[in-house]
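The values are calculated or read from the model by the stated rules, or taken from the named source; none is laboratory data. Just so it is clear, the model here is predicted, and its values are computed rather than measured. Methodologically, a virtual Cβ is constructed for each residue, glycine included, from the backbone with ideal geometry; neighbour enumeration extends over all protein chains shown.
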Amino acid sequence: MGEISITHRRQGLAARERARYVANRRGNHASSRQPETGRIETREFNLGYTLAGGQVFRWGRDVDGWWKGVAYDTVFHLRQVGDTLMYRAGASSVATYLGEMSVTGFLEWYLRLNERPRIRVPRSDRYLRRARDLLKGFRFVRQMPFECVISYILSVQAHMNLTKRRVNFLAESWGREVAYMGRKYCTFPEPDALARLKGPYFRSNRFGWRSERVAETARFVSERTRGEPGKLTLDDWREIVDALKKRAGTGVGLKVGKCIDLFALERLDAVPVDTWVLKMAREWYHIEGTDRRVCEWAEARGGRSAGYMNEYLFAYYRELNGPSPEDRVISFCASDAPSAELPMRDEG
């Protein structure tokens, strides 16, 4: 599809309607208040691998070395020095599908700081052994389910930075603005906001035709959340996503469904298959065939740890073959380079 510049035109819905909607949105109370700061001692954890590995779209490393992003409607700045994770947060507590959490408790849960994966590697599998050793410290984050659903629908046939721009565009257009430490961030839109959009909105903003499925999916989710997505449990979200997989026109096919399973629904045995994984399976393990065949092979091979096994191999293969610095996660994290896309802009 090539590089696409997304214009910030509010076509499809009047700007006044958007302003009324965003003003009435119920969300996290974070604002330009003084940051909530703290430190968490970690073990065998790598913040860079976790946030740059390709699983999240609303985080980026700034020129000051801090990772900055929005998770569960809360602004966070994170930095790791040795085994110490330093944080600045825009709220004193965070609302999740498990209830309200303190900032420290949330970060431990969101980043799985106390869940070190244990992957058994067959003696003959030199690729997986090397990948596991290089990617030590990587974790799957627990993403906000609706954000994960929409993000991965938008990721189909789009590279990482283009997906980030599209996700951030929707947040800036239909989320709630949060001023924090001299920057403007935006929360992710709720289902009923995106459910109002029509196909012309996405076409006029050059999202690509597949992106029109965002509105169909948002309408489906909105009907089932009844305007209160914050009250849903993990089981509720699993039920919604499983229904989306069976429904035509939502964009939640095999790959997108597996991404949501793995990154938001605690199904760590799921293996998403994209072109990188297909190439890796063919070149390193001589496994060829459809996406589904490679997925079934990888999940049967990895069992409960299949998601981690695949992520290690995915990142290692990209490290050896990725065309750009941000495709090579290990090299990017070893450098001081800022991320190409950040989820914020300067005030003013």
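Remarks
- Any hit, the range 166-184, residues being out of contact with any helix residue (DSSP H, G or I) (no Cβ under 8 Å at 6 or more places or on another chain), closer than 27 Å to SER339 by Cβ, surrounded by fewer than 15 Cβ atoms within 10 Å (Cβ to Cβ) and not aromatic (Phe, Trp, Tyr): yes
- Lone unmet requirement of (1) in contact (Cβ under 8 Å) with a residue 40 or more places away in the chain; (2) more than 18 Å from ARG61 (Cα to Cα); (3) not β-branched (Val, Ile, Thr) for ARG183: (2)
- Test result for GLU319, at pLDDT below 95 and in contact with a helix residue (DSSP H, G or I) (Cβ under 8 Å, 6 or more places away or on another chain): no
- Contact map, the range 204-229: first residue within 26 Å of HIS159 (Cβ to Cβ), second residue of a type in the set (Asp, Glu) and crowded, with 19+ Cβ neighbours inside 10 Å, Cβ cut-off under 8 Å, separation 6 or more or different chains; pairs are ALA218/ASP192.
- Elements of type helices (runs of 4 or more DSSP H) contained in the range 267-336, each with 1 or more residues being over 25 Å from TRP67 (Cβ atoms): 275-285, 291-302, 306-321
- GLU239 modelled with pLDDT under 90 and acidic (Asp, Glu): no
- In the range 325-348, of all residues being within 20 Å of the chain's Cα centre (by Cα) and small (Gly, Ala, Ser), the one that is modelled with the lowest pLDDT corresponds to ALA340.
- Residue that is over 26 Å from PHE207 (Cα atoms) and aliphatic (A, V, I, L, M), where the choices are ALA248, ALA300: ALA300
- Residues that are of a type in the set (Gly, Ala, Ser) and part of a loop (DSSP other than H, G, I, E, B) were ranked within the range 184-242; the one that is nearest to LYS164 (Cα to Cα) is GLY208.
- Every condition in (1) surrounded by fewer than 17 Cβ atoms within 10 Å (Cβ to Cβ); (2) of a type in the set (D, E, K, R); (3) under 27 Å from ALA334 (Cα atoms) holds for GLU100 except the one numbered (3).
- Residue that is surrounded by the fewest Cβ atoms within 10 Å (Cβ to Cβ), among those in the range 269-298 that are of a type in the set (Asp, Glu) and under 20 Å from the mean Cα position of the chain (by Cα): ASP274
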